[in-house]
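Written out below as structure tokens is the structure these notes cover.
The values are calculated or read from the model by the stated rules, or taken from the named source; none is laboratory data. Everything numeric in this text was worked out from a predicted model, so none of it was measured. Backbone-built Cβ (ideal geometry, glycine too); neighbour counts: all protein chains shown. What goes into the accessible areas is simple: the full protein's heavy atoms, side chains included, and nothing from ligands, DNA or RNA. Shrake-Rupley method; radii C 1.70, N 1.55, O 1.52, S 1.80 Å.
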Amino acid sequence: PTLDQALQKFPADLNLNLYRSVDLSLSPDQEIQRHAQEKLRSAVGSFQGENRKNIELVLFQSYANFGLNLAKGDDFKGAIPAYRRALEFNPGSVKVYRRLVLALMATGQTEEATTIALQVLSRYPDDPSSPGLRALALRLQGRIDEAIATCQNALQEHPVEDLFSLLGECYEQKGDLDNARAVYRRCLALFPQYLPASLRLAEISYLTP
């Protein structure tokens, strides 16, 4: 069922209403966005202690999932505000920072991406998601061979879509299109709906016989 259908059936469900407000808070319409954000602030403010922490966790996960789904559809511009909002509720999530840095890179905002990556790495050097973020930072600094090695190691521990794309792009940057194609195909074998890898594979397959 769609969110609207679920809300029709369970109109008082707190999580469903929060999810709807999260969706509306990312609307391009400023008035809709403002109203939804006010509802979310009011909802969070009405709870204390563990209940408040639980609400903030729901909101963090909702925004992070919205961002991830937008990025999977190659809408990195739309993913950025979702990731930023997620980090307001959980500023220690290195995984979401990594995704934010990737989205910033994809939209040409490399200076901010580099600043965020280095700041987060200095703050959380031992986080399980730090190797992937370190690979991003190395690529942003032009250290492509180190980025490839770091990315390969990170993928052995955590095979995730965006790191496959990063590895493929690093190979592209080196001019190694055979390895780039192999990485994108491996990514799509595991994550068939990941549009960024599909687009990159189609582009380099078209440009090279």
Residue tally, condition out of contact with any helix residue (DSSP H, G or I) (no Cβ under 6 Å at 6 or more places or on another chain) and either among the hydrophobic types (A, V, I, L, M, F, W, C) or part of a helix (DSSP H, G or I) (or both), over region 27-57: 16
Kindly list the number of the only condition in (1) surrounded by 15 or more Cβ atoms within 10 Å (Cβ to Cβ); (2) under 21 Å from ALA79 (Cβ atoms) that fails for ALA147. (2)
Note on LYS53: of the conditions (1) open to solvent by 40 Å² or more (accessible area, probe 1.4 Å); (2) in contact (Cβ under 8 Å) with a residue 12 or more places away in the chain; (3) closer than 23 Å to ASP13 by Cα; (4) basic (Lys, Arg), unmet is (2)
Pick from region 168-200, criterion free of Cβ contacts under 8 Å to residues at least 24 places away in the same chain, touching a helix residue (DSSP H, G or I) at 6+ places or on another chain (Cβ under 6 Å) and under 23 Å from LEU104 (Cα atoms), ranking: surrounded by the fewest Cβ atoms within 10 Å (Cβ to Cβ): LEU188
Among LEU40, LEU26, LEU68, LEU104, which is buried (at least 19 other Cβ atoms within 10 Å of the Cβ), of a type outside the set (S, T, N, Q) and touching a residue at least 40 places away in the same chain (Cβ under 8 Å)? LEU26
Identity of the residue in region 1-12, assigned to a helix (DSSP H, G or I) and in contact with a helix residue (DSSP H, G or I) (Cβ under 8 Å, 6 or more places away or on another chain), that ends up modelled with the highest pLDDT: ALA6
Please tell me if LEU167 is of a type outside the set (Val, Ile, Thr) and at pLDDT below 95. no
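Yes or no: GLU157 of a type outside the set (S, T, N, Q) and surrounded by 15 or more Cβ atoms within 10 Å (Cβ to Cβ)?
It is false that GLU157 is of a type outside the set (S, T, N, Q) and surrounded by 15 or more Cβ atoms within 10 Å (Cβ to Cβ).
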Quick one: would you say VAL58 is open to solvent by less than 60 Å² (accessible area, probe 1.4 Å), of a type in the set (A, V, I, L, M, F, W, C), modelled with pLDDT under 95 and touching an Asp or Glu at 6+ places or on another chain (Cβ under 8 Å)? no
Considering only residues of region 13-26 that are modelled with pLDDT of 90 or more and part of a helix (DSSP H, G or I), which is farthest from PRO81 (Cα to Cα)? SER21
I need a count of the residues in region 110-144 that are touching a residue at least 12 places away in the same chain (Cβ under 8 Å) and open to solvent by 30 Å² or more (accessible area, probe 1.4 Å). 11
